[in-house]
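The values are calculated or read from the model by the stated rules, or taken from the named source; none is laboratory data. What you see is a predicted model, and the numbers here were worked out from it, not measured in a lab. So basically every Cβ, Gly included, is an ideal-geometry build from the backbone, and we count neighbours across all protein chains shown. Protein only, heavy atoms only, side chains kept; ligands, DNA and RNA dropped before computing areas. Shrake-Rupley method; radii C 1.70, N 1.55, O 1.52, S 1.80 Å.
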Amino acid sequence: MTGQPTAPIGAAENKIAFQGELGAYSHMACLAKFPDMEVLPCPSFEDAMAATKNGLARLAMIPIENSTAGRVADIHILLPDSGLYIIGEHFETIRHCLLCHKDASEETLTRVTSHVQAIGQCRKNLRAMGLERLPFADTAGSAKHVAEVGDPTLGAIASELAAEVHGLKILRKNFQDEGHNTTRFVVLSQTPVTVDEIEGPVMTSFTFEVRNIPAALYKALGGFATNSVNMTKLESYYESDSFTATEFYADIEGHEGMENVHRAMEELRFHTKRVRILGTYGQERPRGMS
């Protein structure tokens with residue numbers, strides 16, 4: 001694949017880590033982006049990143065935002081200190097399925113379990129069917145749970161892959177209320193890619209903390225406007241519970257080897273306490289201004 005670093009020597013060189021059980025949407029993203037790699041399921045985002053940092057996997061596939069639910073909690077905080085770099089991105093269309101045990105049917109179901117976001121994305125259909133909603137840690141885990149308990153009154157909302165992995169029956173496909181549900185993933189590695197390794201349009205992701213002065217954010221971002229750098233994403237978050245230091249996550253088109261981006265980043269650094277570059281990588285989808 002374009003823009004990937006050379007794999008380290010060892011058994012983990014062909015593994016990609018993700019958070020969740022087999023059959024998770026992160027698992028599907030791994031198969032779509034890297035069909036020849038082995039997957040390494042991990043209990044948490046931190047575990048998936050640590051597995052990559054410690055050499056148990058070459059890459060990690062981590063969700064960063066969803067078109068319906070917004071940003072994925074904790075990722076902005078975990079990424080800067082992970083010791084990893086973003087080397088790619090992937091957009092995965094989320095198509096929920098209503099799953100059940102092989103001996104169950106729509107007539108026997110009274111309850112459904114899944115991640116709270118998946119439940120929310122299917123709330124109209126769940127209400128129409130009169131099903132009680134039971135939150136679970138993740139979608140694929142809920143499918144595994146339904147398979148293990150074998151209760152014909154209990155269903156799960158998860159992927160078609162989860163049904164295949166855990167031997168469940170698919171009662172309904174495309175169970176989500178809206179069709180435009182997409183999750184953006186970032187691919188992480190110990191080693192960043194160089195601009196020369198990337199073909200096509202480029203993204204750069206970074207975090208920064210503004211100085212505690214009036215109009216600090218306005219001044220920090222002014223260079224992107226005056227130098228015609230397209231900022232496609234800007235989100236604020238707090239790194240601690242003190243609410244005293246606001247951090248920002250940003251995506252821009254281009255890289256610091258470009259003169260206009262270099263000038264914009266220089267101005268950003270002048271008006272901020274710190275800037276952390278998370279990675280420069282190829283765009284999977286164009287972000288060009290219309």
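So the values come out like this:
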quantity	calculated
Longest DSSP-loop-exposure-free segment, trypsin sites (Lys or Arg not before Pro), the chain, at most 16 other Cβ within 10 Å	1-94
Within the chain, percent of DSSP bridges classed antiparallel, to nearest 5	75 percent
The chain, dipole about Cα centre (Lys/Arg Cβ +1, Asp/Glu Cβ -1), debye to the nearest 20	520 debye
MRE, 222 nm, helices only [DSSP H, n ≥ 4, -39500 (n - 2.57), over the chain, to nearest 500]	-7000 deg cm²/dmol
Relative contact order (%) - the chain, alpha-carbon pairs under 8 angstrom, separation at least six	22 percent
Formal net charge of residues neighbouring Phe175 (Cβ-Cβ distance under 14 Å; K, R +1; D, E -1)	+4
Positive-end residue of Cys122, Val149, Ile198, charge dipole of the chain with Cβ unit charges	Cys122
Members of Lys33/Lys169; Lys53/Lys233; Lys124/Lys173 lying beyond 18 Å, as alpha-carbon distances in this model show	Lys33/Lys169; Lys53/Lys233
By accessible area with a 1.4 Å probe, ligands and nucleic acids excluded, highest first: order of Glu46, Glu160	Glu46, Glu160
